[in-house]
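Structure record follows, encoded as structure tokens.
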There are 4 protein chains.
Amino acid sequence: VISDRRDERRGVARLEAFSDGVFAIAITLLVLGIEVPDVDADRLGTALSDLLPSVFGYFLGFAVIGLFWIAHHSFFAVVERRDIRLLWTNLLFLSLIAAMPFSSGLIGDYGDTSLATIVFATNVALAALADRLSETEARRAGLLQPEAAARMPPFLSRNLLIPTLFLCSIPIALLSPGLAQLSWLGAFVLARLQHDYTEGSAA
Amino acid sequence: VISDRRDERRGVARLEAFSDGVFAIAITLLVLGIEVPDVDADRLGTALSDLLPSVFGYFLGFAVIGLFWIAHHSFFAVVERRDIRLLWTNLLFLSLIAAMPFSSGLIGDYGDTSLATIVFATNVALAALADRLSETEARRAGLLQPEAAARMPPFLSRNLLIPTLFLCSIPIALLSPGLAQLSWLGAFVLARLQHDYTEGSAA
Amino acid sequence: VISDRRDERRGVARLEAFSDGVFAIAITLLVLGIEVPDVDADRLGTALSDLLPSVFGYFLGFAVIGLFWIAHHSFFAVVERRDIRLLWTNLLFLSLIAAMPFSSGLIGDYGDTSLATIVFATNVALAALADRLSETEARRAGLLQPEAAARMPPFLSRNLLIPTLFLCSIPIALLSPGLAQLSWLGAFVLARLQHDYTEGSAA
Amino acid sequence: VISDRRDERRGVARLEAFSDGVFAIAITLLVLGIEVPDVDADRLGTALSDLLPSVFGYFLGFAVIGLFWIAHHSFFAVVERRDIRLLWTNLLFLSLIAAMPFSSGLIGDYGDTSLATIVFATNVALAALADRLSETEARRAGLLQPEAAARMPPFLSRNLLIPTLFLCSIPIALLSPGLAQLSWLGAFVLARLQHDYTEGSAA
């Protein structure tokens, strides 16, 4: 039995390691959205200042992926076993994280348009929903440490706040892309609150 | 002897970690197939809808690499030792996984052609064959946990179903690329069946 | 209690693994700054010699990221626990490391300009400051091994030498970019000195 | 003392993990050397056959990086401790591995020129020399398991065969790039021989 539990832990550890790989690569690929200019040396100043929106897109993408990584990190700290469903819901989640170099690049290049703002918000909302799905399925299948599962909030309370925030920013983006992007700051406050339930192991 | 087995396990663990790195990078590089458009802001909508086939290529590549990762993951859970042949057959397999950002990008840009469909199907079929080769060699060399090896199906039964499926889709692609791509869905059903033999440790 | 400490160690290990992933990817993406020329075969020689500044940018970036990796490596060897602040200060630090393929690429393409030299120096100085911030916060929060914390130098002594060196190179770069770049060699000497305090575990 | 040895092993493990990250990323970035064509659908066949040299460059790069990875893997299996010199010689080695997506891309695009062949051969020879340097320094500093160190061949025998092979291919490349590339196959035979001394732990 001890050996079985060790095998299960090892399986979860490999899942975490793979996920961390995807997180680390996606977050580092963001830099490809800031392209080294191809201009004459005396126009480098102007070219660099034209890159400022891309730099904003870079740090926005970094903060958002970082946020998801911290949440994933504290969630998997309480996962004891995995099943095939968790592998697939986690892959779905990762496919949405790995898409963020594209969406952040879009914000970098077209950040003042409603459309780019909506694409980014949709990407984040879908990733947050996929994350909730993993969490809900893992609880239902009894894959979590019992004490941790008991400490977690019920599905319909805090769990949907972040996706809701990003979904709500979509109509705002139609009126003002800037205001919608400002509203995303709320995600970092909410994340701080959600983090609490794993306080024992991650904070 | 305990120390030897630990060294062997550590060797296998490093092989898994390296493979996971390649999987994670290949799957995340898929996003480079969806290029941020370079158009005027008012034509962004059209440019984004032109990207839909690339988004399809992205999710297709993600699902296929994910499928191979899950199979690799459940296979290596029962590998106790490695030898130099396994290192090389695994590298051959990884070289075909790492080629998928190219083949998926081809599907994204030329998905309605027979040629792109055939290149992708060939890539997947070769990867699946290399995977079978690793598995067969590992069994022959006695590198697996004895109980797990006994539970595995004989070589010529289920093991060749996925490569056969993709090879069969090649003539179909000559008639209809769309139909060939549809037939690939069968791989996910087959994968679910094949997964069973490691049920004890991975499901 | 033993189990709790193991969980905490596991949390730190995952943080290290994620950071190593970002380091490894950022350092390897540097190669994208050396582009394969697209010229006629008989002009390849000229095209390759035009790449020499990019090769210099590549090795400079490699050495600087390598330096930060070694420092991070020896610092985290004495971290016993993590808290949410450490996760975020570490992410801030990583966002500055992951930006280096851009700054090194800039040095490769515009290394003889003051502007590119200043951008690179600023990037390194900010990364070094973020690194100091992580370290200072971790000490204040008591996350380090007590013996190691006692061996470390007080905040205002050696800790700020590297950021100061790079900040000082900024005015020098206005006069002579080459001289500023030469002064960066000092960082490698300073790094050697700073390394000493974890001698017990890393040297 | 047991705890110290565990700390040392953990330090070596982190060095291996970082190196594996660089290997995995460099080997996967090779695929960026095979660019998805940008042509009309009816000219895709021609465009794909024009890519064949890039595909050759891809598999060549994969085999060479794979070879180095296997050697690194079997060498680090006998490293018990690390020192600051090993960190730096290993970084030097990794900077030459991480440069291979460039050199392989050059072979893919200009494989029939002496110049590209020489650049690739030089890159591989330098990487092999850096690898030897790590190994020699590690032995001199007593970082290896004593039994393994005793089993290893003396420095001037087999250790320099691979760099010598690639250095010798440089003058051949001046006469015939194809012949030089053919001579590289010898590296795989030599690698098989060199692998023997860690037979106990890696084969």
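Taken together, the values in this text are just the output of simple stated rules run on the coordinates, not laboratory data. Fair warning: this is a prediction, and the values are worked out from it, not measured in the lab. All Cβ positions, glycine included, derive from the backbone under ideal geometry; neighbour counts span all protein chains shown.
Largest GNM mean-square fluctuation across B:Gly186, B:Gly57, B:Gly33, computed for chain B with C-alpha springs under 10 Å, falls on B:Gly186.
Charge dipole of the protein assembly as shown (Cα centre as origin; +1 on each Lys and Arg Cβ, -1 on each Asp and Glu Cβ, all else neutral): 2960 debye, rounded to the nearest 20. When the Cα positions of A:Val22, A:Val12, A:Phe93 are compared along the charge dipole of segment A:4-105, A:Val12 comes out farthest toward the positive end, with charges on each C-beta of Lys, Arg, Asp and Glu. Dipole size of chain D about its Cα centre, with +1 on Lys/Arg Cβ and -1 on Asp/Glu Cβ: approximately 900 debye, rounded to the nearest 20. Considering only alpha-carbon pairs that sit under 8 angstrom and 6 or more positions apart, the relative contact order computed for segment C:100-189 is 36 percent. Across identical copies of the chain, C:Val39 has label-point separations of 2.5, 2.5, 3.6 nm, listed in ascending order, with the point defined 7 angstrom from Cα along Cα→Cβ. Packing-based ranking of B:101-112, A:78-89 yields B:101-112, A:78-89, ordered from highest to lowest mean Cβ neighbour count within 10 Å.
Pairs of C-alpha atoms in chain B farther apart than 25 Å represent 42 percent of all such pairs. Protection proxy ranking of D:10-20, B:16-26, by the mean of other Cβ atoms within 10 Å over each peptide's residues and highest first, is B:16-26, D:10-20. Near the amide H of A:Leu144, within less than 5 Å, lie the amide hydrogens of A:Glu80, all on another chain or at least 5 residues away, with H placed in the peptide plane.
For the protein assembly as shown, a/c is less than 1.5, where a ≥ b ≥ c are the root eigenvalues of the C-alpha gyration tensor. That puts it in the rounded class. Look at the stretch A:125-132: the mean tally of other chain Cβ atoms within 10 Å of its residues' Cβ atoms is 0.
Label-to-label distances for C:Glu137 across copies, nearest first, come out at 3.3, 3.3, 4.7 nm, using points 7 Å from Cα in the beta-carbon direction. The packing ranking of peptides A:41-49, C:48-56, C:131-139, C:66-74, highest mean first, is C:66-74, C:131-139, C:48-56, A:41-49, where packing means the average number of other beta carbon atoms within 10 angstrom of each residue. Against chain A, whose longest principal axis comes from its Cα atoms, helix A:185-194 is set at around 10 degrees. Efficiency by 1/(1 + (r/R0)^6): what FRET value for D:Cys168 and A:Ala149, r their Cβ-Cβ distance, R0 = 51 Å, to the nearest 0.05? The formula returns an efficiency of 0.20 here. Per-residue shielding of A:28-41, expressed as the average number of other chain Cβ atoms within 10 Å of the residue Cβ, stands at 6.
Per residue of peptide C:90-96, the mean number of Cβ atoms on other chains within 10 Å of the residue Cβ is 4. On the beta carbon distance between B:Leu52 and C:Asp50, with R0 = 30 Å, the FRET formula returns roughly 0.15.
In chain B, helical runs assigned H by DSSP with n ≥ 4 each contribute -39500 (n - 2.57); averaged across all residues and rounded to the nearest 500, the mean residue ellipticity at 222 nm is -24500 deg cm²/dmol.
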